[in-house]
1. Go through the range 229-273 and report how many residues are under 23 Å from Glu493 (Cβ atoms), assigned to a helix (DSSP H, G or I) and within 11 Å of the chain's Cα centre (by Cα).
2. Could you check how many residues of the range 209-234 are among the β-branched types (Val, Ile, Thr) and over 20 Å from Ala169 (Cα atoms)?
3. So which of Leu367, Leu359 ends up being modelled with pLDDT of 95 or more, part of a loop (DSSP other than H, G, I, E, B) and not hydroxyl-bearing (Ser, Thr, Tyr)?
4. May I ask you to list pairs of residues, at least six apart or on different chains, whose Cβ atoms are under 9 Å apart, with the first in the range 254-267 being farther than 18 Å from Gly498 by Cβ and the second being among the aromatic types (Phe, Trp, Tyr)?
5. Could you list, in sequence order, the residues of the range 279-304 that are in contact with a Phe, Trp or Tyr (Cβ under 8 Å, 6 or more places away or on another chain) and either among the basic types (Lys, Arg) or under 26 Å from Pro428 (Cα atoms) (or both)?
6. Out of the residues in the range 259-310 that are modelled with pLDDT under 95 and either of a type in the set (Ser, Thr, Tyr) or in contact with an Asp or Glu (Cβ under 7 Å, 6 or more places away or on another chain) (or both), state the one that is surrounded by the most Cβ atoms within 10 Å (Cβ to Cβ).
7. Does any residue of the range 444-460 turn out to be modelled with pLDDT of 95 or more, under 27 Å from the mean Cα position of the chain (by Cα), charged (D, E, K, R) and outside the structural domain of Gln271 (by TED's automatic domain parsing)?
8. Between a first residue in the range 487-499 that is closer than 13 Å to Thr333 by Cα and not assigned by TED's automatic domain parsing to the domain that holds Ala338 and a second residue that is polar (S, T, N, Q) and assigned to a loop (DSSP other than H, G, I, E, B), which pairs have beta carbons less than 8 Å apart while being 6 or more apart in sequence or on different chains?
Amino acid sequence: MPAILSTRLRMSSFPRNLPRICVALGFPTVAELNCAAEREYKDGNTLLEFRLDHLEDPANAAEFVRKFRARYPEAYVLATCRHKHAHGHFSGTVAEQADILAAAARAGAHFLDIEIESAERIKPKIAELRRSASVIVSFHDFEKTPALDPLLRRLKRIPADAYKIATMARKPNDNLRLIQFVREQRGERLIALTMSEMGQTTRILGPSLGSLFTYAAPRQAKGTAPGQISAQVLRSLYRPEKLTSRSRVYGVIASPVAHSKSPVIHNRGFQSRRIDAVYLPFLVPASQLGDWMKLAAGLPVHGFSVTIPHKQRILRYLDVIDPVAKRIGAVNTVWRRAGKWRGTNTDTDGVIRPLARHLRLANASVLIAGYGGAARAAAVALSDARAHVTITGRNLKSAQSLARVVKGTAVALKDSLPKYDVLIHATPLGMYPHTDRCLFEDRIPAGIVLDMVYNPSETVLLKRAKQQGCAVITGSEMLLEQAVRQFEIWTGEPAPRGAMQTALDQALIMCA
């Protein structure tokens, strides 16, 4: 019996050791598809989805599948030829679509994915396809997350080896509903996820909750659906194949959140300490914080970082707030203990520790530019350290309001500012992608400059400060210090500072 045929027969159902990450490959030519498939396989990704509908001529697909399987017999191939009526690219008849999939199965594809819209039209053909490969009947909604139980009932009217549901996440509760649905369907062979950046939660956690596998994008190309993470990042940073239903979930809530380096820092920390936990980026728009807290309780999330725009709004959802955080009026660290949400502010550590390496804080003069949550943390921490605090910014009234909290002073933002011992820049100005901006156009009014912006690692402000002979403290130093304290609060263990620092440095180099 030919090697490919015997392997195909053995793989007529889903194997126990099936990889948990499927890399989705959609390219217009066979040459491009082959190049990407070989690269991903050599990177260690052995479950590959070939989106045959992306090819200029899907009729060429079977020969490509045959040759690829002959070269890489250990690879698992999932063939998909999504029709236009289901947001794919194939425009032929449904019968032609089925013929292309059947040819791919004969060529050695282990799994076939056919959308419900096509499957319902050729129901008798599905049984025929299942004689050659395992068939996944799938449903996609690129607009919303509808009621899920009726969807599964519709899918199961077509006998198949597995069922796939992919919907669009518009709010955190869409993720929660899908996660609860997957948990309830533990006995089913199911692949379920939500799309969009907000839906990345389900892409990472899906396999640990009961989904057969998750989908990822190739290393050097865009994904085939919204929210796909590159397989390299998924495997090295989030490691879904190692997560279980008992793994602890942490994360950062922000809007935007894609730029955050906190997942890099904390996941490396967990890995270094061999802690069964994962840290995720949660995109939470300002209007959806309450909805996200329901997701946090339902997952459950054990702790999370808080940044723009939620540091002050989060207070109303907490049961216990640290006295210093209460004075600051902002929280950046939340954890759950004894069924209660507790909050504190580790931005204070992020400011005090780096500055204390440069000067004695008592009686030092400090100018803080900004009056948001991070600025408030810096002002309170420095006031407690007996520094003389001055607040400035484009809105003098807001500056005066914060100055009153710390019994400091407020000044208008102008060129005639006196020279201070320290300048702390606590606004988003200069942050990626607007990296050419700077609050201080000419003279930097301090001998030491701490810029809370960490992406880019060297902002225009820091470049100018260096040129003027100032000592500089990057935002990454502050980010690391506050993250170290968060890690200790969440885990009760000493933070692996060296490993976390290395991870952050590597991430910033890649962004440069």
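The values are calculated or read from the model by the stated rules, or taken from the named source; none is laboratory data. None of the values given here were measured: they were computed from a predicted structure. Neighbour counts run over all protein chains shown; Cβ positions are idealised from the backbone, glycine included.
1. Within the range 229-273, the subset under 23 Å from Glu493 (Cβ atoms) is 236-239, 242-252, 260-273.
Retained after the next criterion (residues that are assigned to a helix (DSSP H, G or I)): 236-238, 242, 262-272.
Retained after the next criterion (residues that are within 11 Å of the chain's Cα centre (by Cα)): 237-238, 262-264.
Count: 5.
2. Taking the range 209-234 and keeping what is among the β-branched types (Val, Ile, Thr), we get 214, 224, 229, 233.
Pick out the ones that are also over 20 Å from Ala169 (Cα atoms) and you get 233.
Residues that pass the stated criteria total 1.
3. Values: Leu367 fails: part of a loop (DSSP other than H, G, I, E, B).
Going through Leu367, Leu359 in turn, just one is modelled with pLDDT of 95 or more, part of a loop (DSSP other than H, G, I, E, B) and not hydroxyl-bearing (Ser, Thr, Tyr): Leu359.
4. Ala254/Phe282; Val257/Phe282; His259/Tyr432; Pro263/Tyr238; Pro263/Tyr279
5. Tyr279, Leu280, Phe282, Val284, Leu289, Gly290, Trp292, Met293, Gly303, Phe304
6. Ranking the candidates gives Ser260 first.
7. Checked against the condition, which is being modelled with pLDDT of 95 or more, under 27 Å from the mean Cα position of the chain (by Cα), charged (D, E, K, R) and outside the structural domain of Gln271 (by TED's automatic domain parsing), the range 444-460 yields at least one hit.
8. Ile489/Thr346
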